[in-house]
Amino acid sequence: MTSIRAPAAATGERIDRYLARVLDLSRSKVQNLLRDGRITANGTPLKSSYLLRGRERIDFRIPPARPTALTPEAGPLGLLHESEHVLVVDKPAGLIVHPGAGVQGGTLVNRLLHHYPEIAVVGSPERPGIVHRLDVGTSGALAVARTEAAYRRLSRAFAEREVGKLYLAVVYGLPDPASGTIELPIGRHPTVRTRMAIVPESRGGRAAKTRYRVLASGRGVSLLSVELLTGRTHQIRVHCKAMGRPLVGDPAYGEHRWRGLAPALRRPLREFSRPALHARKLTLPSLPGTPPASYAAPVPPDLRELCVACHLVSNAGRAQGPQPRGDRAADPPGEPAEPELER
């Protein structure tokens, strides 16, 4: 058991926020310790909402990291960056990030454990190394922690919105205005519990903010650059739906608007089988062993081909992604070129 005494200056601060800061732990980790009764003040177990009174003695016990029970699996990794502490991978569409809801294998985490077994004790045993996620149908840049120090720093960076997240999206119609910010709260759908919806904060919705800009448009669809300013589940998909410009191919929030478009466009739009969303660039702050930097994920072939078919980009200047090397992909030589965005 370890003890610290809260300073008078911490009076009124929530215990979970205070300990996350002074112990350099993620807030979720501290909340788990509180829930398990491993943190007390003057001998009394505390809840996360406890407000410090100042000068009280806080006792805590942090158990040793429990390794994951997940099975490593061979499989390719498209590496955009690799350091002693942090990885940035180019997740392909269709690959689940981590096990859960009855899925125990075939995920990105299973592949990561094969190539980087040290992450087995990093973060949560259920999702080792993972500090943020991309939906199964979304492709692009995803950061992974290789060490506990990097996990804590990345967790704080995402919680404090120090991470830049830029996406490419293909939507139906032309947003008006051509650039803007969507600020609508997002919460669980009231009847379809696997989906999210615009929900007032008075009913449990959480503040969400998305900035967008039209890069190209024509023939009933538009290519957008989208910046996530918060990180709610399905945020881009829900916000695009809310402004009347749903993503092409989105099975949950999309619409079959291809039926009213020119015959030459109907087939590529109808057959695009995932949300037309790509995490193009991830900008990380200073991390252990890694200075601040941005990492760009090449535009995947299916999204590029959709944009070409819809005359949103030209056939020239295709961005090249990581090339396979055995069952692991090599780092691309520098940042991939920005795709041509022609009308």
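The residues of the range 196-240 that are among the basic types (Lys, Arg) and either over 22 Å from the mean Cα position of the chain (by Cα) or at pLDDT below 95 (or both), listed by number, are Arg203, Arg206, Arg219, Arg232. Where strands (runs of 3 or more DSSP E) sit wholly within the range 47-111, those with at least 3 residues that are closer than 29 Å to Gly37 by Cβ occupy 57-60.
For Leu113, the conditions (1) more than 24 Å from Arg152 (Cβ to Cβ); (2) modelled with pLDDT of 95 or more are fulfilled apart from (1).
Among the residues making up the range 287-307, those that are in a loop (DSSP other than H, G, I, E, B) and touching a residue at least 60 places away in the same chain (Cβ under 8 Å) are Pro288, Gly289, Ala297, Pro298, Val299, Pro300. Within the range 5-20, the residues that satisfy the criterion of being of a type in the set (D, E, K, R) and either at pLDDT below 85 or surrounded by fewer than 20 Cβ atoms within 10 Å (Cβ to Cβ) (or both) are Arg5, Glu13, Arg14, Arg17.
Exactly one residue out of Ala65, Ala9, Ala74, Ala41 is in contact (Cβ under 8 Å) with a residue 12 or more places away in the chain, of a type in the set (A, V, I, L, M, F, W, C) and in contact with a Pro (Cβ under 9 Å, 6 or more places away or on another chain): that is Ala65. In the range 23-35, the residues that are within 19 Å of Gly129 (Cβ to Cβ) form Cβ pairs under 7 Å with partners that are surrounded by 18 or more Cβ atoms within 10 Å (Cβ to Cβ) and polar (S, T, N, Q), at six or more places apart or across chains, as follows: Ser26/Ser155. For the range 206-230, a residue qualifies if it is part of a loop (DSSP other than H, G, I, E, B) and either surrounded by fewer than 16 Cβ atoms within 10 Å (Cβ to Cβ) or polar (S, T, N, Q) (or both), and the qualifying residues are Ala207, Arg219, Thr230. Set side by side, the residues Pro67, Pro72 differ, and just one is in contact with a His (Cβ under 9 Å, 6 or more places away or on another chain), surrounded by fewer than 21 Cβ atoms within 10 Å (Cβ to Cβ) and under 20 Å from Val121 (Cβ atoms), which is Pro72. Which of the residues spanning the range 151-205 are loosely packed, with under 13 Cβ neighbours inside 10 Å, outside any strand (DSSP E or B) and hydroxyl-bearing (Ser, Thr, Tyr)? Those that are loosely packed, with under 13 Cβ neighbours inside 10 Å, outside any strand (DSSP E or B) and hydroxyl-bearing (Ser, Thr, Tyr): Thr191, Thr194, Ser202. Within the range 303-316, one or more residues are modelled with pLDDT of 95 or more, touching a Phe, Trp or Tyr at 6+ places or on another chain (Cβ under 6 Å), surrounded by 15 or more Cβ atoms within 10 Å (Cβ to Cβ) and hydrophobic (A, V, I, L, M, F, W, C).
Scanning the range 231-254 for residues being loosely packed, with under 14 Cβ neighbours inside 10 Å and over 21 Å from Leu134 (Cβ atoms) gives a total of 1. Reported count of residues in the range 112-136, each being under 18 Å from Arg66 (Cβ atoms) and part of a helix (DSSP H, G or I), is 7.
The values are calculated or read from the model by the stated rules, or taken from the named source; none is laboratory data. As the structure is a computational prediction, the values presented were derived from the model and not from experiment. Heads up, the Cβs are rebuilt from the backbone with ideal geometry, glycines too, and the neighbour counts pull from every protein chain shown.
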